[in-house]
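Please read the structure below before turning to the comments.
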Amino acid sequence: MVKDSKPRAGSLAYLPRCRASRLIPRVKYWPPYEGDPKPLAFLGYKAGHLTTFYIDTTPNSPTQGQEVAKVSTVVVTPPMTAAGIVVYGEENGALKELTRVWSGDLPEVIKRKIPTWRPNEGGLKKLESLRDQIVEVRLIGMASPKLAGLSKKKPDLLEIKVGGDVEKALEYAVSKLGKEIQIEEAFKPGDFVDVIAVTKGRGFQGVVKRWGVKILPRKKRKGRRVVGAIGGRKPPYVMYTVPRPGQLGYHRRTEFNKRILLIEEDGMKLTPKGGFPHFGVAKTKCVLIEGTIPGTPKRPVVMRIPARPPPPIEPPEVTFAGILA
């Protein structure tokens with residue numbers, strides 16, 4: 001008789017399944033980039049989903065040249081402000097922050113809401129003195145949820161690496177200090193991006209929902225939605241591979257190679273009748289991303305250049321984007 005067993009259906013590559021430490025995900029890896037200096041990421045806010053019809057331009061695809069319909073996600077991307085510059089040097093094979101320069105053009109209301117803001121006293125001169133030690137340049141991008149139509153007043157900060165040669169990247173960062181950054185400076189339609197966000201939280205869950213463990217027979221004495229055995233006498237502890245109840249959702253996750261179908265100047269053109277559920281009306285510039293992305297509406301989403309880029313393809317021709325009646 002073959003034993004009927006289904007111990008686990010979840011991957012152990014995502015342990016520990018704990019709550020994300022912060023709602024705005026920090027970018028842990030910046031892919032190599034060669035070219036003109038530009039920001040390698042951008043912060044937006046998830047609005048909702050649409051059905052998008054577009055001409056498939058994927059080479060060797062069975063539907064190449066034909067109109068296809070797929071689900072897509074609308075991300076509201078109001079302009080970000082370059083609130084500061086962070087430069088890093090190298091020490092013992094790791095990055096070490098050399099200095100941090102803030103813009104002096106920020107409004108007083110925003111300054112009070114940024115606890116790390118410091119007056120810019122000779123910061124640019126210090127950058128010049130450290131030019132030979134700099135190996136990486138980053139902008140402190142400040143996104144205003146108020147511009148995206150959210151009720152949140154406190155700005156969201158994100159360190160964004162400036163790609164390209166270090167000398168040119170530093171000049172670009174200095175020229176952008178205190179000015180606005182648009183989504184077109186980082187990406188264009190047809191580009192692939194990696195989406196980093198915090199998934200929808202589901203709270204404390206048992207092993208059946210958390211790991212997909214099989215429900216035990218009706219005559220089981222000590223419960224049915226449990227693991228039949230958590231281990232033997234040796235080793236004298238419960239191994240990490242054994243499914244256990246705990247937190248499910250609200251995890252920081254990265255989804256690779258999501259294609260940008262469209263960058264729309266007027267978000268009202270992509271807003272369905274009555275607005276997006278739990279979000280409302282998209283009033284500013286929006287990005288239409290093929291497929292779904294993690295998180296709930298209004299959640300911050302970081303779009304980064306791809307770490308494992310596929311071959312480039314032509315941007316698609318979007319014929320319709322909306323909710324089918």
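Values quoted throughout were computed directly from the atomic coordinates according to the rules given, and no laboratory measurement underlies them. This is a predicted model, so every value here is computed, not measured. A quick note on method: Cβ atoms are made from the backbone with ideal geometry, for glycine too, and the neighbour counts reach across all protein chains shown.
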| message | Run the reach check for Lys168 against lysines, Cα to Cα strictly under 29 Å, same-chain hits fewer than 8 apart removed. What comes back? | response | Lys28, Lys38, Lys96, Lys111, Lys125, Lys126, Lys176, Lys179, Lys188, Lys258, Lys285
| Under 18 Å from a point 7 Å along the Cα-to-Cβ line of Arg8: which residues of region 248-278 have their amide N that close? | 248-249
| query | Taking neighbour Cβ counts within 10 Å as the exposure measure, how do Arg202, Arg8 sort from fewest upward? | reply | Arg202, Arg8
| task | Can you figure out the FRET efficiency of Met239 with Arg19, using R₀ = 25 Å and their beta-carbon distance, to the nearest 0.05? | result | 0.65
| message | How large are Rg and Dmax for the chain when calculated on the C-alpha trace, in angstrom? | response | 23.5, 79
| message | Can you classify region 80-181 as rounded, prolate or oblate using the Cα gyration tensor, where a ≥ b ≥ c are the square roots of its eigenvalues, rounded means a/c under 1.5, and otherwise it's prolate if a/b beats b/c and oblate if not? | response | prolate
| query | Roughly how many whole Å is it from the C-alpha centroid of region 27-70 to that of region 165-233? | reply | 19 Å
| query | If you average the sequence gap of Cα pairs under 8 Å that are 6 or more apart and divide by the length of region 80-181, what percent do you get for the contact order? | reply | 37 percent
| task | Can you spot the aspartates and glutamates whose alpha carbon is less than 14 Å from Lys214's alpha carbon? Ignore those fewer than 8 places along the same chain. | result | Asp4
| In nm, to one decimal, how far is the modelled label at Glu67 from the one at Thr319, with both set 7 Å along Cα→Cβ? | 0.3 nm
| Under a straight-distance cross-link criterion of Cα-Cα below 23 Å, which lysines are reachable from Lys209, leaving out those fewer than 8 residues away in the same chain? | Lys3, Lys6, Lys200, Lys219, Lys220, Lys222
